[in-house]
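Working notes, structure below.
The values are calculated or read from the model by the stated rules, or taken from the named source; none is laboratory data. Given the structure is predicted, the values throughout are model-derived calculations rather than measurements. Heads up, the Cβs are rebuilt from the backbone with ideal geometry, glycines too, and the neighbour counts pull from every protein chain shown. Accessible surface areas use protein heavy atoms only, side chains included; no ligands, DNA or RNA. Shrake-Rupley method; radii C 1.70, N 1.55, O 1.52, S 1.80 Å.
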Amino acid sequence: MSGKATLFTAFLLLAFFACTSKKEAEEKAKKSPTASELAIPQPEVHGTEIKSVELTNPLKSEWVSTGKSIYETKCLACHKLTDERVVGPGWAGVTKKRQPVWIMNMITNVDMMLETDAEAQKMLEECLVRMPNQNVSEEDARKILEFMRSNDGEK
Amino acid sequence: MKHRHLVLFITAALTLPVLLSSPGCKPQNPTSAVEGDAASKVYVAPGKHDEFYNIVSGGFNGQVSVYGIPSGRLFRIIPVFSLNPESGWGFSEETKPMLNTSHGFVPWDDTHHIALSTTNGEHDGRWAFVNGNNTPRIARISLATFRTEEIIEIPNSSGNHSSPFLTENSEYAVAGTRFSYPLDDKESNPDVPISTYKQNFKGTVSFVGIDKETGHMNVAFQVLLPGVNFDLARCGRGPSHDWFFFSCYNTELASTLLEVNASQKDKDFVMAVNWKKCEEYVKAGKGKKSKVRYAHNVFDEKTHTGTSTIKDEVVVLDPNELKDIVYFVPCPKSPHGCDVDPSGEFICASGKLAAVIPVFSFSKMQKAIADKNFEGEFEGIPVLKYDAVLHGEVKKPGLGPLHTEFDGKGFAYTSFFVSSEIVKWDIEKLEVVDRVPTYYSIGHLSVPGGPTRKPHGKYVIAYNKITKDRYLPTGPELTQSAQLYDISGDKMKLLLDFPTTGEPHYAEAIPASLVAPKSVKIFKIEENNHPYVAKGEKEARVFREGNKVHVLMTSIRSHFTPDNIEGVKMGDEVYFHVTNLEQDWDVPHGFAVKGANNAEILIMPGETCTLKWVPDRTGVFPIYCTDFCSALHQEMQGYVRVSPRGSNVPLTYSTGNKAEPTGEAK
């Protein structure tokens, strides 16, 4: 019997203690890191916006051939070298139609382009497939551009 | 004697709930348990992330699931020991070897315990380990890819239950046999009468070494033990670093009606194993080589392919010869959980049928060993004196104590299966300070970082066996239930119920900040070394090797290459090796064939997976992608033509060829 009474008193005391410390607990909960603070930002890696591209002639033949092999792995599935559209537009004449900066950003920064560039948006309306981010580095994008120039007949 | 104890136990069982149901102790009914601000404490706003990953065993579904805490949202189910048609785990040619064992292909297991890798006794966010209870195995899951990378079978074991708990620096994972059984060292299971249990049945615990860099496992050594049943285990830490502790039941050595026959004695054992000493003995060549057969399966992230190797030898240590590697500690009564506090000094063992929680002191244990303070031997192994090693008992804590975790602030949290509650108690003073009901019949419980040197505290999560009335009914079977309690204040507060898959046993929770930044988003196509990869459409092709037709296929939004294949014949085995050319996060492609006696495969960006298809009839069969990622998803399809055996249709393939003009159009 006395055991039960002690237990009961202990519970009452605990309950009382819990009430008085409720505010403290709330303060503590507020101070503890929130989910948003701990959330790790995980942006897509598209590289930063490219503002200028230097073109030189003659073409760097090494870049052309590296660009071609990257094209064969990552781009060929959707882009032909003729003007035929498959999923994306064919590449024939692309370097005559588009600025080098536009092409480079389309490769490495496609989300930004689809958000801000009217020409890119127009192409999405035609193709209806967002161009995939193929995780191409700026350096590799430059080599692809060199290959496109070669495809358009530049020497 | 036996009868008197049973009567006492029943009396205790009947009076305790009355004592425990005093006002202020339990709410009147389940709905009054949650306070008003609970919802805001578990609410994770859209776009925000949870604070913890909860890695949860899948119980009898053989898998592992990943939840966010505090939201309770389910993020992923990771296939481990069980076939998973969603991803093709165990169906694709690359993953079939992962489920190989000495018994052949075993497509299911029973997972119980999660162990996250630690360095210096703290979570390092590298790997999750989980046991296969039925066909003894341990699996290692990468926390970068959330995929199973390795599975090792445990020889000389039946029912791998006390597993895969890890030492402080993840040097070893342990595997204690739940069922003792007749062993010999001739690679066979001796055919003996079950009634010869006491003579012929033996137990083992295995120490599975873990490579520091790769995580690769190997069965380093085993300890041969009396035929008791091993239940759970925990490593020592800090001062007890060199030791591992296991709970044992059935010291009665019974083989039938264990619920009665293994509950005869007042005390079973906690077994203390000095693994450092074992290691020395193995190095010194004191172990005996035993002939066994077990499978070791490793998945290579670069070839995206698993390989299975059968191994045939294991080193066994015998504590009857090596007297200072194993000691028994008497422990009341059928101990289940065996948990070491963050300091490494206290070992809490929970006798399922005991009315106390005994807490043992590691330093007293060392003194008792040094003084040879033994009460006798059990099957040749020294038994320490209970009083000499006891720190103290928590008196009348509740009914059916199972498992204990710690908050790092000097408190322990023990789950009580029979009285359905979590009881918080002071480790030093051995006094109960708080209790909350669980709904219902809690098994394991998990405090984030609870089994480490530095618990992260904040929450305790209950994994309950019974879900009655908590959710909308779904026939006779209900989902399993977990419950989240806030332990940041002095009193535990129920915040959330969330359903779980399978029957979760143990789980660990780890801060998201230790895992998320290392998460793999894609597999780099340049690094894909699969023997049948097609790195780009230019490499896509189809070729024949006898009756095997290999299709090196690529997939990208929104087509396959090739998508028209002809020249497959009846009797051919077709292997579709599909490479996903995407290099964009969260763009897997699926691949399915009509009528295949197989699953789909789901190919991650940059990965190659192989689906085997043996056509059972002639005709034209569609293939298509099952995972929706673009507006032209439905168009991602193709055809395979199957001709009769002996027909002369040549093997051809194409993508983008226009259909032949019909007769009229000519």
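Heavy-atom accessible area, probed at 1.4 angstrom with all protein chains present, ranks B:PHE374, B:PHE621 as B:PHE374, B:PHE621, highest first. The residues A:GLU54, B:GLU431, B:GLU93, sorted by heavy-atom accessible surface at 1.4 Å with ligands and nucleic acids left out, run A:GLU54, B:GLU431, B:GLU93 from largest to smallest. Membrane-span-like helices of chain B, defined as complete DSSP H segments with a Cα extent of 15 Å or more along the helix axis and a mean Kyte hydropathy of at least -1.0, are identified as B:2-20. Which residues, if any, in region B:575-609 have at least 20 Å² less accessible area in the whole protein complex than in the isolated chain, probe 1.4 Å? Listed by number, the residues meeting the 20 Å² cut-off are B:LEU581, B:GLN583, B:ASP584, B:TRP585. Where the accessible area of region B:64-143 is counted over protein heavy atoms with a 1.4 Å probe, how much of it, in %, is carbon and sulfur? Within region B:64-143, the accessible surface is 53 percent carbon and sulfur.
Among B:610-618, B:490-498, B:42-50, sorting by the average number of other beta carbon atoms lying within 10 angstrom of each residue, highest first, gives B:490-498, B:610-618, B:42-50. Counting only protein chain heavy atoms and rolling a 1.4 Å probe, the accessible areas of A:CYS78, B:CYS629 rank, largest first, as B:CYS629, A:CYS78.
Dividing the summed helix terms, -39500 (n - 2.57) for each DSSP H run of n ≥ 4, by the number of residues in chain B produces a 222 nm estimate of -2000 deg cm²/dmol to the nearest 500. Between A:ARG85 and A:GLY90, the built amide H atoms are under 5 Å apart, and every one of these is 5 or more places off in sequence or on another chain.
B:GLU313 exposes around 100 Å² of accessible area when a 1.4 Å probe is run over every protein chain in place.
Leaving ligands and nucleic acids aside, the B/A contact buries around 3600 square angstrom of accessible area in total at a 1.4 Å probe radius.
Within 10 Å of each Cβ in A:133-141, how many Cβ atoms from other chains are there, averaged over the peptide? That average works out to 3. For B:HIS456, nonlocal amide neighbours, meaning residues 5 or more places apart or on other chains whose placed amide H falls under 5 Å from its own, are B:GLY449, B:GLY450. For region B:482-566, what does the relative contact order come out to in percent, with C-alpha contacts under 8 Å and a separation of six or more? RCO, region B:482-566: 14 percent. For the set A:LYS74/B:LYS594; B:LYS333/B:LYS429; B:LYS302/B:LYS518; B:LYS41/B:LYS454, the pairs lying more than 19 angstrom apart at their alpha carbons are A:LYS74/B:LYS594; B:LYS333/B:LYS429; B:LYS41/B:LYS454.
Accessible area per residue was computed with a 1.4 Å probe on protein heavy atoms; B:LYS385 scores about 90 Å². For the set B:LYS323/B:LYS372; B:LYS202/B:LYS288; B:LYS283/B:LYS385; B:LYS364/B:LYS458, the pairs lying more than 20 angstrom apart at their alpha carbons are B:LYS283/B:LYS385; B:LYS364/B:LYS458. Around the amide H of B:ARG126, modelled in the peptide plane, lie the amide H atoms of B:SER117, all under 5 Å away and 5 or more residues distant in sequence or on another chain.
Run the numbers on chain B and let me know its relative contact order in percent, using alpha-carbon pairs under 8 Å that are six or more apart. About 11 percent, as a whole number. The heavy atoms of B:ARG73 offer some 90 square angstrom of accessible surface to a 1.4 angstrom probe.
Partner lysines whose Cα lies under 22 Å from the Cα of A:LYS51, excluding those fewer than 8 positions away in the same chain, are identified as A:LYS60, A:LYS96, A:LYS97, A:LYS122, A:LYS143.
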